[in-house]
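Structure, as structure tokens:
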Amino acid sequence: MTEVVERFGGSVRVRVLKDRLVRGACAGAALVALVPLFSVLYYLTVRGLAGLDAAFFTELPKPVGEEGGGMANAIVGSLQLVGLACLFGIPPGVLAGIYLAEFGNGAFGRVVRFCADVMSGVPSITIGIFVYALVVLRTKQFSAFAGGLALAVIMLPTVTRTTEELLKLVPEALREAALGLGVPKWRATLRIMLRTAAPGIATGIMLAVARVAGETAPLLFTAFGNRFWSRGLDEPVASLPVQIYTYAVSPYEEWHRQAWAAALVLVGLVLSLNILARVLVRHRVRT
Amino acid sequence: MAQPVQSPSVPVSRAPSKRARGEGNVGDAVFRWLTAAFAATVVVTLLAMAAEMVGASWLSIREFGAEFIVSRDWNPVTEEFGALPFIYGTVVSSLLALAISVPISFGVAIFLSEMAPDWLRNPLGFLVELLAAVPSVVYGLWGIFALAPWMRDTVEPALREHLGFLPFFQGPNQGYGMLTGGVVLAIMITPTISSVSREVLRVVPRTFREAALGLGATRWETIATAVIPVARSGLVGAVILGLGRALGETMAITMLIGNRPEIDVSLFAPAYTMASVIANEFTEATEDLYLAALAEIGLLLFLVTVLLNVLARLLVWRVQAQGGAAT
């Protein structure tokens, strides 16, 4: 007992006081951590709404010095890039995730899992260099294709691990029931396991999409940017994040106004994907 | 249900017709190999990444060798390239970010896992995760118009007044520099560190806490004596994951750190990071050697973050294995 007293040392009053202090400090830390979030949201709302108008969604950027113009091409460009990323990133990711969940207990499975984890920590800018060397140098031009591929590489490990985790949550009894009816394993996996896990996997994919939609660094030297409409996947394409960057570091008032408007649109998109994913998860858990 | 199915081969061999059995076997084999091929793409991509980056930086590796990481010269005109100012900028800004973020993140994690009332836990955890969802470029934009002016007019003058005897807080301050870069990084890595720490604390068995509480420990004493020691290596892992994120973070810090390849002891002075110099100069680099030097900086960044991630995952896994074994 004396040991315990020594360990926890001091009079009860001091100990309780210390406890209160630490509790206060931890609650304070939580408050401090959230200050930037609210500040960002405040600035986005005030400045973003001030910069937002119909032209923003319908017009092309105007040259420096001219008022007005919009980011219609960047909005479409971002959708294109994210679409390409989904096309290149989701099917391999889901299939790799199925492999890990179903057959991934061996050495190869461990290697894949490990590589996926390592890949998810690789800075996105180095993925930009990778795709630059792989695609842009070989095709000799910046392109929507290269940008989409860079984003897909970022998505791949997240989609893989999410699919694996969610498939593992599906009760084995479901599979056993299917196998017991004479259904081959592959059909049991696709039609029973994958379908049961699908809402959760969709949620994970939504979060991955939300993340790549805001990525800027890997697009700088893959999709590059474009002041006009891009007419094909083999041309450079504008995107909201890159446009925000270009406008934010420029010295022009008018461009700053549009950068805020674009940021509001982008964050609106990203946060609603996040919140939607959350709501879906909660809904699924409750039912 | 008398005999649970042990392996896929059992029901297949009992399947009613030969046709069904044959189809099942071929289908299963195809399925297995197909998914394995896609699983291999993950490994291949990572290896290709390493290979392409070594290829892209080969000119620079051959030209400068080990000199590259200790040289302070960065002169595209004379084609002298040394990465030291960028390595310095990356390391110092990331350490600053950790110094600011670690106490706050641990506070958040402890509050969320040990102290917060139930109704507050999920909404608060969600808000902290939203911090991670805001794109980097938006933090940069916010930094330019909100954070940098605040640092210039409020924080930096205060630091100069009270701690100005230290060399870190001397010299002119414009709001763009190492300190502002470190602060924005701290904001961005806080969600990473706090959510991983929270997961780590959560695996510490409830019985450990109950034992300490039963001995009359206060909440804080319980955390300090029964929770943190068990979770320690996982918490270290969380910090390393945060460090990995800080090292590779690009847009926000590029927009705030000032982008000047100099090594200055003052935290008010502009600096440059490895990721920033790539973001800023890669598309301008027209000479092959210049491009290779930038690619080599990318390669260094890649190697460092891979190593850190490996280390961090091992540490987090260790706690999870321990926690699993103790329950």
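The values are calculated or read from the model by the stated rules, or taken from the named source; none is laboratory data. Worth saying up front: this structure is predicted, and the values here are computed from it rather than measured. Using ideal geometry, Cβ is built from the backbone for each residue, glycine included, and neighbour counts are taken over all protein chains shown. These area figures cover heavy atoms from the full protein model, side chains too; ligands, DNA and RNA do not enter into them. Shrake-Rupley method; radii C 1.70, N 1.55, O 1.52, S 1.80 Å.
Within the stretch B:156-265, which helices (runs of 4 or more DSSP H) (wholly inside it) include 3 or more residues that are open to solvent by less than 20 Å² (accessible area, probe 1.4 Å)?
In the stretch B:156-265, the matching helices (runs of 4 or more DSSP H) lie at B:178-203, B:228-248, B:251-256.
Please verify whether A:T216 is open to solvent by less than 10 Å² (accessible area, probe 1.4 Å) and within 13 Å of the chain's Cα centre (by Cα), treating the condition exactly as stated.
Against the criterion (open to solvent by less than 10 Å² (accessible area, probe 1.4 Å) and within 13 Å of the chain's Cα centre (by Cα)), A:T216 qualifies.
How about the stretch A:226-263: which of its residues are open to solvent by less than 30 Å² (accessible area, probe 1.4 Å), touching a helix residue (DSSP H, G or I) at 6+ places or on another chain (Cβ under 7 Å) and either of a type in the set (A, V, I, L, M, F, W, C) or at pLDDT below 90 (or both)?
Keep residues of the stretch A:226-263 that are open to solvent by less than 30 Å² (accessible area, probe 1.4 Å), which gives A:230, A:232, A:237-245, A:247-248, A:250, A:254, A:258-263.
Filter once more, so that each one left must be touching a helix residue (DSSP H, G or I) at 6+ places or on another chain (Cβ under 7 Å): A:230, A:237-245, A:247-248, A:258-263.
If the condition is that a residue be open to solvent by less than 30 Å² (accessible area, probe 1.4 Å), touching a helix residue (DSSP H, G or I) at 6+ places or on another chain (Cβ under 7 Å) and either of a type in the set (A, V, I, L, M, F, W, C) or at pLDDT below 90 (or both), then A:S230, A:V237, A:A238, A:L240, A:V242, A:I244, A:A248, A:A259, A:W260, A:A261, A:A262, A:A263 are the ones that fit.
Residue-by-condition table, conditions (1) more than 13 Å from chain A (Cβ to nearest Cβ); (2) farther than 16 Å from A:V35 by Cβ:
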position	(1), (2)
B:W74	yes, yes
B:A99	yes, yes
B:P103	no, no
B:E114	no, yes
B:D118	yes, yes
B:G140	no, yes
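Please return the ranges of helices (runs of 4 or more DSSP H) entirely within the stretch A:195-287 where 1 or more residues are touching a Phe, Trp or Tyr at 6+ places or on another chain (Cβ under 6 Å). Let's see the steps before the verdict.
On the way: elements: A:195-213, A:240-248, A:253-286.
In the stretch A:195-287, the matching helices (runs of 4 or more DSSP H) lie at A:240-248, A:253-286.
Among the residues of the stretch A:87-123, what is the count of those that are open to solvent by 10 Å² or more (accessible area, probe 1.4 Å) and outside any loop (DSSP other than H, G, I, E, B)?
Total satisfying the criteria: 20.
Out of (1) open to solvent by 20 Å² or more (accessible area, probe 1.4 Å); (2) farther than 19 Å from A:T45 by Cα; (3) out of contact with any Phe, Trp or Tyr (no Cβ under 6 Å at 6 or more places or on another chain); (4) of a type outside the set (D, E, K, R), what's the single condition that is false for B:F145?
(2)
Take the residues of the stretch A:85-131 that are charged (D, E, K, R) and in contact with a helix residue (DSSP H, G or I) (Cβ under 8 Å, 6 or more places away or on another chain): which is farthest from B:L307 (Cα to Cα)? Before you say what the answer is, go through the steps one by one.
Our first condition is that a residue be charged (D, E, K, R); within the stretch A:85-131, this holds for A:102, A:110, A:113, A:117.
Those left that are additionally in contact with a helix residue (DSSP H, G or I) (Cβ under 8 Å, 6 or more places away or on another chain): A:102, A:113, A:117.
On the way: A:E102: 29, A:R113: 16, A:D117: 12 Å.
In this case the residue turns out to be A:E102.
For B:V43, all conditions in the list (1) within 10 Å of another protein chain (Cβ to nearest Cβ); (2) among the aliphatic types (A, V, I, L, M); (3) open to solvent by less than 20 Å² (accessible area, probe 1.4 Å) hold save one; what is the number of the exception?
All conditions are met except number (3).
Could you check how many residues of the stretch A:15-42 are within 27 Å of the chain's Cα centre (by Cα) and open to solvent by 60 Å² or more (accessible area, probe 1.4 Å)?
Total meeting the criteria: 5.
Could you please tell me which pairs satisfy a Cβ distance under 6 Å, a separation of 6+ or placement on different chains, a first residue in the stretch A:217-240 that is facing another protein chain (nearest Cβ under 9 Å), and a second residue that is assigned to a loop (DSSP other than H, G, I, E, B)?
Short answer, once both residue conditions are applied: A:A217/B:T250; A:F221/B:F282; A:F221/B:T283; A:F224/A:F142; A:F224/A:P236.
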